[in-house]
């Protein structure tokens, strides 16, 4: 009987371990992205947009949504002071290092979330709106469901690690768009470059604010999620919302976001798409290449547009039968450009050297001629002396 019980316990522990590993794998870092129109919600691009992952500090977008909602309903005011609890003060960085018993205004807390991504300020807002962070998380989740964020569950106000706090790229795009549509008077705050609190300057974590057209919204990172970013971009009076989840680094995440944005706006402007009537390949297809490249059917592509390393769009005119061939040509095009530059730089150097060599040869010949003439003159008087 004892032996059977021991085997039963071993089996249960193995099952629990398997379940943990399975759940950990399901919630592991996901490479996901989506781009939508801010006005209509039309999807321009999506890649694993429904993969379940962790929101990290993108959670603060919902904390801010609830705060803006409370201000709109006159439950809070921007200049209202809020107390800092012991619970709020002991949050993990990033934070403002608020002290228990001190106060912070609603406006300061909002800017602290947007720029510094301050976890202590997030808890201050949560406690002001719901009494406790746990109750506030439940309200956040209910609000998410109302907005259509069907796969999102919130467990805290900041986005600090919690295995049960989950979302998707699609849900974060829905939240970003809701902030834009529901609170236009507050949305401009997301492009705040820096925030000063008690003499300390806190720069916005979103480095893409320096890029043309970028107007926020929020960055996020925890180990379980990777580097996340929700962005709002406006060009030619057209606004898109783009979300990238699971970046390996902040730099790679930003680079991917830039490529997605460039591809989307070129598509919006009406650039030709794959196998269209103009027989051209789209820049979006070439830029994305997220999966394995497969040959396309006979398309007789005559030209293609692609993004160079310098960020400019280049059109390649030729006739190819597959996307593979075009990509190969683009790769071959890079070393050719380098060779042309190097040869053009070396050419004048060779010409200069040859000129110098020629001129030096001429000088040497002239010198020899002059010396021989001098010697001849010197020798003549010697002969005359002998004759005399």
Kindly indicate whether residue 229 is in contact with a helix residue (DSSP H, G or I) (Cβ under 8 Å, 6 or more places away or on another chain) and either assigned to a strand (DSSP E or B) or over 20 Å from residue 179 (Cα atoms) (or both). yes
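Is it the case, given these coordinates, that residue 158 is surrounded by 23 or more Cβ atoms within 10 Å (Cβ to Cβ) and outside any helix (DSSP H, G or I)? Please lay out each step first, then the result.
On the way: surrounded by 23 or more Cβ atoms within 10 Å (Cβ to Cβ): yes; outside any helix (DSSP H, G or I): yes.
Against the criterion (surrounded by 23 or more Cβ atoms within 10 Å (Cβ to Cβ) and outside any helix (DSSP H, G or I)), residue 158 qualifies.
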Return yes or no: is residue 144 in contact (Cβ under 8 Å) with a residue 40 or more places away in the chain and either closer than 20 Å to residue 196 by Cβ or assigned to a loop (DSSP other than H, G, I, E, B) (or both)? no
Among (1) free of Cβ contacts under 8 Å to residues at least 40 places away in the same chain; (2) assigned to a helix (DSSP H, G or I); (3) touching a helix residue (DSSP H, G or I) at 6+ places or on another chain (Cβ under 6 Å), which single condition is residue 178 missing? (1)
Of the residues in the range 199-226 that are under 24 Å from residue 96 (Cβ atoms) and in a loop (DSSP other than H, G, I, E, B), the one that is nearest to the chain's Cα centre (by Cα) is 206
Checked against (1) free of Cβ contacts under 8 Å to residues at least 24 places away in the same chain; (2) part of a helix (DSSP H, G or I); (3) within 30 Å of residue 51 (Cα to Cα), residue 185 satisfies every condition except (3)
Taking residue 152 as the residue in question, decide whether it is crowded, with 22+ Cβ neighbours inside 10 Å and touching a strand residue (DSSP E or B) at 6+ places or on another chain (Cβ under 7 Å). yes
Filter the range 240-257 for residues that are crowded, with 19+ Cβ neighbours inside 10 Å and in a helix (DSSP H, G or I); which is nearest to the chain's Cα centre (by Cα)? 254
Can you find even one residue in the range 62-84 that is touching a strand residue (DSSP E or B) at 6+ places or on another chain (Cβ under 9 Å), under 17 Å from residue 219 (Cα atoms), surrounded by 14 or more Cβ atoms within 10 Å (Cβ to Cβ) and in contact (Cβ under 8 Å) with a residue 12 or more places away in the chain? yes
Scanning for something touching a residue at least 40 places away in the same chain (Cβ under 8 Å), under 20 Å from residue 244 (Cα atoms) and surrounded by 19 or more Cβ atoms within 10 Å (Cβ to Cβ), does the range 88-107 turn up at least one residue? no
Flagged in the range 205-220 as touching a residue at least 60 places away in the same chain (Cβ under 8 Å) and surrounded by fewer than 22 Cβ atoms within 10 Å (Cβ to Cβ), in numbering order, are 205
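Laboratory data are not the source of any read-out in this text; all were calculated from the coordinates shown. Values in this document were obtained by computation on a predicted structure and should not be read as measured data. Cβ coordinates were reconstructed from backbone atoms using ideal geometry, including for glycine residues, and neighbour counts include every protein chain displayed.
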